[in-house]
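Accompanying notes for the structure given below.
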Amino acid sequence: MRAHRTNQTPVTESEIKKQILEYLTVTNIFAWRQNCGAFIQEENGTKRFIRCGIPGCSDIIGCLPDGRFLAIECKRPGGKLTMAQKAFLAEIAKNGGVAIVASSVEDVERILKTKLNNRR
């Protein structure tokens, strides 16, 4: 899968996430899309600010066949990580998980092959 559509329009982060999730499913890696953010809920005239997820949490979270935690942050080619995203990925790696920044399925495939082969 390429990082461009056939008409050469760059793919969106949403498309990259979808392609990576399809790849992980086909390769039997348990993973899901992790939504993070915040919203305001109004009930009985009272507003509450509700945060979902951890600041900087990666777009895709999963568990590798060998039990390691998997975090994949998806970015369009040239996209930059926020400080919170860098910190989240650093914590995952520091604690023995696999942390990936990916602009394509090929990025994930290449890194996972290396990480899984080095573990055997």
Study note, to complete from the structure: So, first residue surrounded by 12 or more Cβ atoms within 10 Å (Cβ to Cβ) in the range 78-96, second residue part of a helix (DSSP H, G or I), Cβ within less than 8 Å, six or more apart or across chains; the pairs are Gly79/Glu13; Leu81/Leu89
Study note, to complete from the structure: Across (1) more than 13 Å from the chain's Cα centre (by Cα); (2) more than 17 Å from Ile61 (Cα to Cα), Arg76 clears everything bar (1)
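Quick one: would you say Arg51 is of a type in the set (D, E, K, R) and surrounded by 13 or more Cβ atoms within 10 Å (Cβ to Cβ)? Steps first, answer last, please.
On the way: of a type in the set (D, E, K, R): yes; surrounded by 13 or more Cβ atoms within 10 Å (Cβ to Cβ): no.
Answer is no for this residue.
Of these, Gln41, Gln19, which one is under 30 Å from Val98 (Cβ atoms) and either of a type in the set (S, T, N, Q) or touching a Ser or Thr at 6+ places or on another chain (Cβ under 7 Å) (or both)? Show your work before the answer.
On the way: Gln41 fails: under 30 Å from Val98 (Cβ atoms).
Gln19 is the lone residue from the list that is under 30 Å from Val98 (Cβ atoms) and either of a type in the set (S, T, N, Q) or touching a Ser or Thr at 6+ places or on another chain (Cβ under 7 Å) (or both).
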Check your understanding: Of (1) surrounded by fewer than 19 Cβ atoms within 10 Å (Cβ to Cβ); (2) in contact with a strand residue (DSSP E or B) (Cβ under 9 Å, 6 or more places away or on another chain); (3) modelled with pLDDT of 95 or more, Ile72 satisfies all except one. Which?
Key -> (1)
Review point. Under 8 Å by Cβ, and 6 or more places apart or on different chains, what pairs join a residue from the range 37-65 that is more than 27 Å from Met83 (Cα to Cα) with one that is part of a loop (DSSP other than H, G, I, E, B) and not hydrophobic (A, V, I, L, M, F, W, C)?
Key: Pro65/Asn28
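Just to confirm my filter: which strands (runs of 3 or more DSSP E) fall fully inside the range 1-104 and include at least 1 residues that are under 18 Å from Leu116 (Cβ atoms)?
Output list reads 30-33, 60-63, 69-74, 98-102.
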Review point. What number goes with the only condition from (1) touching a residue at least 60 places away in the same chain (Cβ under 8 Å); (2) more than 24 Å from Pro10 (Cα to Cα) that Cys74 does not pass?
Key: (2)
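Taking the stated definitions as given, is Val105 among the hydrophobic types (A, V, I, L, M, F, W, C) and modelled with pLDDT under 90? Steps first, please.
Numbers: among the hydrophobic types (A, V, I, L, M, F, W, C): yes; modelled with pLDDT under 90: no.
For Val105, the condition - among the hydrophobic types (A, V, I, L, M, F, W, C) and modelled with pLDDT under 90 - is not met.
The values are calculated or read from the model by the stated rules, or taken from the named source; none is laboratory data. What you see is a predicted model, and the numbers here were worked out from it, not measured in a lab. Glycine gets a Cβ as well: all are built from the backbone with ideal geometry, and neighbour counts include every protein chain shown.
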